[in-house]
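These notes are about the structure you will find just below.
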Amino acid sequence: MDPALAKSPREMIEKVSEQLGCSPTSRELAVYLDQHDDLRFLRQEFLLPKIADLPPSDLSLADGSKDCIYFVGNSLGLQPKNARKYIDEELEKWAKTGIHGHEMGSRPWAWAENNLEVLMANVVGANPEEVALMNGLTVNLHLLMLAFYKPTAKRHKVLLENQAFPSDHYAVESQIQLKGFDPSRSMLLLKPRQGEDTLRTEDILSTIEREGDSIAVVMLSGVQYYTGQLFDMEAITRAGHAQGCYVAFDLAHAVGNAELRLHDWGVDFACWCTYKYLNSGAGGLAGAYVHDKHRDTVKPALLGWWGHNLKTRFQMTNVMDLQPGVKGYRLSNQPILLVCPLQASLEIFSKTTMRDLRRKSVLLTGYLEYLLLHYYSQNRSDPTRPVVRIITPRDPAQRGCQLSLSFSTPVRAVFKELEKRGVACDMREPDVLRVAPVPLYNSFTDVHRFVAVLGSALGAQP
Ligand SMILES: *Cc1c(COP(=O)(O)O)cnc(C)c1O
């Protein structure tokens, strides 16, 4: 697909449907876009839940399809087909060779995760030396904050979103307390303007400029989990550095979703989970990144044997030969059973590029937006018709694949009706439905089906 066109999804949708002589809302267009999707082969790499296997519902899908509409890859990605194969291989190796598995096979347990770091680094735009796979996301956030957050009387604040993900909020709050500071004074929370859903980049930058000399760490998400807003990480990093702050991102919703260039942007540190867009399965192995410029200067606060130079790690001298940079933050030997599904997923990512995924994503989400606006925006002649409001920014450059929707009817009821009809999406309190067409495995036909099913779900309101 022509990237220039994909930048303006509306234009592309209207142009292609005109060429085809069909309506932009017709199924024919969705089928055409799927046929011309260079990345459609990637869907075959995943196991898609079938409606028949989901909790029993009193309705079946109107279009008779057997596959559920899976729009919740922002919460838990689909299972790569190779995940089971790789796990089976390791169980087999364990059964047959016991402890020899540490050094045998294509995935020696003692350094299996090292093989994945190159693949992982490509997805986040970093050098392999800047990336480690370990622990869970919140654990990594704590480990990195312990090393980077060194508050002083003058520079003690952490800047984060007012509605940051709860785990991030608690992590930052407890880090501030741990250092003997007061969260009510040291947590600087960014709020959208009155009556607005998302943060304006200019407001983020001006806050950093205004408060910068009291901010130790700017710690934002890359993509906001609730609104789906994609932040301008490059500009934020530049602004933070101009004020002498460290700049860090929680990439839980950005990794595998947005194009990242952590190294080039100069981001100081970052962490992410891998079970969302990276499809590693619930509780999968998380990621951490520390920029090269800090490799010999910012030391981990907590040490374990896995941070020791691999060559001499097993000589058990009790004299630490710390690996430089993020590798030195590793504490424990890796859970090989978590390495397997992540490997399966990252290998799929390596069959394409984030640039190509992103190009498809802009069009796929733009297509969803187009159909939602067509059917459910206000100003229709029928005022009794339910209205869907998109709170995610309308500019494709300021969002990933997720659209967050709010409804003129109670969201819980809409969500339940969608579930009954084989749609997997996700509801977040207080009133948002998050819908994420994932370019790796979702299709334009999925989007078209979803919008039709949404119509019947809304029509089914009491
Ligand atoms: C999903 C998510 C988490 C979850 O944290 P875990 O440690 O993986 O349980 C934390 N922060 C953000 C921003 C998230 O999106």
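Extending each Cα 7 Å along its Cβ direction at D431 and A301, get the distance between those two points in nm, one decimal.
So the two model labels end up 4.0 nm from each other.
At a 1.4 Å probe radius, which order do H263, H100 fall into by accessible area, largest first? Intermediate results must be reported in sequence, preceding the final value.
Working: H263 55, H100 115 Å².
Sorted by accessible area, descending: H100, H263.
Express in whole angstrom the spacing between the alpha-carbon centres of segment 246-313 and segment 180-201.
25 Å
Which of the peptides 385-398, 443-456 is most tightly packed, and how do the rest follow, going by the mean number of other Cβ atoms within 10 Å of each residue?
Order by mean packing, descending: 443-456, 385-398.
Taking all protein chains in place and a 1.4 Å probe, what share, in percent, of the accessible surface of the chain do carbon and sulfur account for? Present the calculation step by step, with values, prior to reporting the outcome.
Details: 10520 of 19960 Å².
Summing carbon and sulfur atoms, their accessible area is 53 percent of the total for the chain.
If I take R0 = 25 Å and measure r between the Cβ atoms of A52 and E28 in this structure, what FRET efficiency does the formula 1/(1 + (r/R0)^6) give, to the nearest 0.05? Mind dumping the intermediate values first?
Working: r = 28 Å, r/R0 = 1.12.
It comes to 0.35.
Obtain the nm distance between the two label points defined at M320 and Q194 by a simple spin-label model: each point lies 7 Å from its Cα along the Cα-to-C-beta direction.
It works out to 5.1 nm between the two label points.
For segment 204-339, what class follows from the C-alpha gyration tensor (a ≥ b ≥ c being the square roots of its eigenvalues): rounded when a/c is under 1.5, otherwise prolate if a/b is larger than b/c, else oblate? Provide the component values of the computation, followed by the final result.
Details: a/c = 2.86, a/b = 1.41, b/c = 2.03.
Cα axes put segment 204-339 in the oblate bin.
Taking θ as phi - 60°, what are the ³J(HN,Hα) couplings along segment 273-286 by the Karplus curve (6.51, -1.76, 1.60), each to the nearest whole Hz, with x for Gly and Pro?
Per residue, the Karplus-derived 3J(HN,Hα) values read 9, 10, 8, 8, 5, 9, 6, 8, x, 3, x, x, 5, 8 Hz.
Work from the charge dipole of the chain (Cβ charges, +1 for Lys and Arg, -1 for Asp and Glu, about the Cα centre) and give the residue of N74, S404, V247 farthest towards its positive end.
Of N74, S404, V247, it is V247.
Going by average Cβ neighbours within 10 Å, how do the peptides 230-236, 84-90, 321-327 rank, with the highest at the top? Present the calculation step by step, with values, prior to reporting the outcome.
Details: 230-236: 19.3, 84-90: 15.4, 321-327: 20.9.
Ranked by mean Cβ neighbours within 10 Å, highest first: 321-327, 230-236, 84-90.
What size of dipole, in debye to the nearest 20, comes out for the chain about its Cα centre when the only charges are +1 on Lys and Arg C-beta atoms and -1 on Asp and Glu C-beta atoms?
Details: 51 positive and 53 negative charges, 90 e Å.
With Lys and Arg at +1 and Asp and Glu at -1, about 440 debye.
Any chance you could count the Lys pairs in segment 85-349 whose alpha carbons are under 22 Å apart, treating pairs 8 or more apart or on different chains as valid?
Lysine pairs, 8 or more places apart or on different chains, close enough: 16.
Taking the full set of protein chains and a 1.4 angstrom probe, give the accessible area of H36 in square angstrom, rounded to the nearest 10.
The value for H36 is about 90 Å².
Rolling a 1.4 angstrom probe over the protein heavy atoms, how many square angstrom per residue are accessible across the chain? Before the final figure, lay out each step's value.
Numbers: 19960 Å² over 462 residues.
Computed with neighbouring chains in place, this is 43 Å² per residue.
Take the Cα pairs of the chain, get the Kirkwood Rh, then feed it into Stokes-Einstein at 10 °C and 1.306 mPa s and tell me D in µm²/s. Provide the component values of the computation, followed by the final result.
Details: Rh = 23.4 Å.
Translational D for this selection: 68 µm²/s.
Taking the dipole about the Cα centre of the chain, with the C-beta of Lys and Arg at +1 and of Asp and Glu at -1, give me whichever of I390, G101, T317 is farthest to the positive side.
T317
The values are calculated or read from the model by the stated rules, or taken from the named source; none is laboratory data. Bear in mind that the values here come from a model prediction, so they are computed numbers and not experimental data. Note that each Cβ is placed from the backbone with ideal geometry, even for glycine, and that neighbours are counted across all protein chains shown. Just so you know, the surface numbers come from the protein's heavy atoms only, side chains and all, with ligands and any DNA or RNA stripped out. Shrake-Rupley method; radii C 1.70, N 1.55, O 1.52, S 1.80 Å.
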